[in-house]
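Novice: Structure in structure tokens, see below.
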Amino acid sequence: MASIGSWWRVVQNEKDRSSGLESDFEYRERWITIRLVYVSGFLMFLSFGVVTTGLWPYLQDMDPTVGKPFLSVVFAAPPAGQLIFSPLIGWCSNRLSSIRVPFVILTALFVFGNGLYSVVELFPTPHRRYVLLLARFVFGISTSINTLSRAYISTATKLSERTGAISMSSLAQTFGLAVGPIIQAALSTIGKEGLMWYGLRINMYTMAGWICAALGVVYILFLNPSCFVHRTIAAQEAMKTTGFSKATDTYEPLKMFSIWTVMIGYSVLMFFYVSVQTALSPISLDQFGWSHEESLYYLGILITGGTLCSCAVFLLLPQLCKRFQEHNVFLFFAIVPLFISQVVMIPMGSKSIPMLDSSNNRSTGVGGGGGCPIEQEWCNSIPPINQYQLTISYTMLCISFSVGIAISQTILSKLLGTRPQGNWMALYTSIGGLTRIIGPASVVVYVRFGTYWLFGLGAMISGLLLIWMWCYKGHLRTTKKIHHAEEMQRMANGVAE
């Protein structure tokens, strides 16, 4: 309980105080700022969760002539905005003495994007789809704040603090993603018609945008100079450890092979997570014969359980990294579960997939709701996936994703050392945006070729990644125990001589 109390009061412990790196006041300022950075991740993912669940019906209400192909463009707009602007944001962060102003600007764009999303109805019907697309693109630009957050946490934490700080940042994002759909479900009581207020329609869709915009305004108030103080400590820690007087002297040569190994591992993890999330709905409808209502209900339970699992993993991760080295945690708790999640989903058995009768739109299966469309001819020759396979696979995927995104960022930040990390964290964030754009293509593979191809390719790619990581896991080592022991031995030999 004492440790929890000190966490809330932001009190420096005796061990940190004895290091002499900062005063109690500076420690408090640094950690208040870090926790404000956590909130930015919560806000971005809250908006994503609360808006995404109602995006398609809202788009149809605004423009009844819009089709699903345009919906895919709207879904791709936020990651596209992040992909385009993250490198610019990262470049600026390396050249600014404080990230407070960029934080304010990006949060203001967050407010504008959500506000514009809520007033789409004010525009002529033919233009509404494009206004909504612009709103989501602007929101995507604002999510470039994640680049600043990652770069700042890497320089504002000591090596011993970094894993815990990154885990808490990831937990805040996951919590926002979990709360978003709950808020949207609660807003459904307002209804689609809602009410008019000074010419603005307040309904279940627009209220979601207004809530996010209002939270953004409140967050900007906390970004004032007295609360948000840019403080770094990684360079000071390195200078004290090495004895150098300048931060630039502590920069070590970049291990490009190790850095790109982490990047590739992270990109594969992100790609598979996005792919499976996208394919969950068609898989449940086709393989289990569920109706749309059943699919929403059971997948809601599955996704909620996965989110809770992710939150538990983020909380346990710092303790796990105290028992095992981080590169081993990345291999055995991220890459191995990813491989298992793909292998488990390969269909087995002799049962038949329930088929959808196009004449009466009824399934031949027990559920009688959904089923595999007759256009997907592979359904006649491949056994179905069962619910146990999906549950085990999704659990493994959530564990893999939770560990992977936190540990990969931790390893990357330590490999980069004390140098400004804006450009590299921008690349890291852009990879996430790119995978969210191309990840949904997995549905095309599923529809055209079936589950053998989808999860067979998944097992092969993740298996190759597992072999690669196993062979070169030593390159991801961030501890320097071996080098320190060798240096001490050389010093001892010199004294003996």
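Novice: Suppose accessible area is computed on protein heavy atoms with a 1.4 Å probe; arrange K473, K255 from highest to lowest.
Specialist: Working: K473 60, K255 105 Å².
Correct descending sequence by accessible area is K255, K473.
Novice: In nm, to one decimal, how far is the modelled label at Y130 from the one at K351, with both set 7 Å along Cα→Cβ?
Specialist: Here the modelled spin labels are 5.0 nm apart.
Novice: As a test of understanding, state the convex hull volume per residue of segment 234-298 from its alpha carbons, in Å³. Walk me through the numbers on the way to the answer.
Specialist: Working: hull volume 9.1 nm³, N = 65.
Given the Cα convex hull of segment 234-298, per-residue volume reads 140 Å³.
Novice: Taking every pair of alpha-carbon atoms in segment 200-354, what share in percent sits in each 5 Å bin, from 0 to the bin with the longest distance?
Specialist: P(r) over segment 200-354, rounded to whole percents: 1, 6, 7, 10, 12, 14, 13, 13, 9, 6, 4, 3, 1, 0, 0.
Novice: Which value, in Å² and to the nearest 10, is the accessible area of I392 when all protein chains are kept and the probe is 1.4 Å?
Specialist: Looks like 90 Å² after rounding.
Novice: Right, another one. Please compute the modelled spin-label separation between L315 and T65, points set 7 Å along Cα→Cβ, answer in nm with one decimal.
Specialist: Between T65 and L315, the label points sit 5.2 nm apart.
Novice: Same structure again: On a 29 Å Cα-Cα criterion, which of the cross-link pairs K322/K473; K246/K473; K255/K322 come out too long? Provide the component values of the computation, followed by the final result.
Specialist: Values: K322/K473 18 Å; K246/K473 32 Å; K255/K322 24 Å.
Over 29 Å Cα-Cα: K246/K473.
Novice: Could you work out how much longer the chain between C227 and A186 gets when fully extended? Use 0.36 nm per residue separation minus the Cα distance between them, nm to one decimal. Kindly include the intermediate steps, with their values, before the conclusion.
Specialist: Details: separation 41, 0.36 × 41 = 14.76 nm, distance 3.24 nm.
So the chain would gain 11.5 nm between C227 and A186.
Novice: Next question. Quick one: if the Förster radius is 22 Å, what FRET efficiency do S72 and E375 give, using the C-beta to C-beta distance and rounding to 0.05?
Specialist: Using R0 = 22 Å, I get an efficiency of 0.70.
Novice: In debye, nearest 20: dipole of the chain around its Cα centre with unit charges on the Cβ of K, R (+) and D, E (-)?
Specialist: Working: 34 positive and 24 negative charges, 186 e Å.
Roughly 900 debye for the chain.
Novice: A further question on this structure: Tell me the trypsin sites (Lys or Arg not before Pro) within segment 50-157 that lie in a loop according to DSSP and have at most 13 other beta-carbon atoms within 10 Å.
Specialist: Details: sites: R95, R100, R128, R129, R136, R150; in loops: R95.
Of the trypsin sites (Lys or Arg not before Pro), the ones in loops of segment 50-157 whose Cβ has at most 13 other Cβ atoms within 10 Å are R95.
Novice: Hey, if we sort E294, E193, E326 by accessible area with the 1.4 Å probe, largest down, what's the order? Walk me through the numbers on the way to the answer.
Specialist: Working: E294 65, E193 120, E326 20 Å².
I get E193, E294, E326, largest accessible area first.
Novice: In segment 98-132, which residues have a backbone nitrogen under 18 Å from the label point lying 7 Å from A247's Cα in the Cα-to-Cβ direction?
Specialist: Those under the cut-off are 98-103.
Novice: Express in % the proportion of alpha carbon pairs of the chain at distances exceeding 38 Å. Walk me through the numbers before you get to the answer.
Specialist: Values: 38299 of 123256 pairs.
That tail contains 31 percent of the Cα-Cα pairs.
Novice: To continue, here is another question. Once you place label points 7 Å from the Cα toward the Cβ at I84 and K158, how far apart are they in nm?
Specialist: Label at I84, label at K158, 4.4 nm between them.
Novice: Can you sort D249, D286 by solvent-accessible area, 1.4 Å probe, largest first?
Specialist: Values: D249 65, D286 15 Å².
Solvent-accessible surface, decreasing: D249, D286.
Novice: Towards the positive end of the charge dipole of the chain, with charges on Cβ (+1 Lys, Arg; -1 Asp, Glu), say which of I407, S267, S295 has the farthest Cα.
Specialist: Of I407, S267, S295, it is I407.
Novice: With N denoting the number of residues in segment 78-226, provide Rg(C-alpha) divided by 2.2 N^0.38 Å, to two decimal places.
Specialist: Working it through for segment 78-226, the quotient is 1.18.
Novice: If you don't mind, another one. Note down the magnitude of the dipole of segment 201-308 about its Cα centre, charges +1 on Lys and Arg C-beta and -1 on Asp and Glu C-beta and zero elsewhere, to the nearest 20 debye.
Specialist: Numbers: 5 positive and 6 negative charges, 100 e Å.
That gives a dipole near 480 debye.
Novice: If you don't mind, another one. Averaged per residue, what accessible area in Å² does the chain show with a 1.4 Å probe, protein chains only?
Specialist: Details: 23580 Å² over 497 residues.
On a per-residue basis, 47 Å².
Novice: Roughly to the nearest percent, how much of the accessible area of segment 1-152 is carbon and sulfur, given a 1.4 Å probe?
Specialist: Values: 4700 of 6700 Å².
Roughly 70 percent of what the probe reaches on segment 1-152 is carbon or sulfur.
Novice: First compute the accessible area of segment 188-267 with a 1.4 Å probe, then give the percent of it belonging to carbon and sulfur atoms. Walk me through the intermediate numbers first.
Specialist: Values: 3020 of 4490 Å².
That fraction is 67 percent.
Novice: Something else about it: Chymotrypsin sites (Phe, Trp or Tyr not before Pro), restricted to segment 134-222: which are DSSP loop and have at most 14 other Cβ atoms within 10 Å? Display every interim value, and only then the final one.
Specialist: Values: sites: F137, F139, Y152, F175, W197, Y198, Y205, W210, Y219, F222; in loops: Y198, Y205.
Those satisfying the criteria are Y198.
Novice: Once Lys and Arg get +1 and Asp and Glu get -1 on their Cβ, which of S430, P347, T52 lies farthest toward the positive end of the dipole of the chain?
Specialist: It is S430.
The values are calculated or read from the model by the stated rules, or taken from the named source; none is laboratory data. Keep in mind that what you see is a predicted model, and the values were worked out from it rather than measured. We place every Cβ from the backbone using ideal geometry, glycine too, and count neighbours over all the protein chains shown. Please note that ligands, DNA and RNA were not included when accessible areas were found on the heavy atoms of the full protein model with its side chains. Shrake-Rupley method; radii C 1.70, N 1.55, O 1.52, S 1.80 Å.
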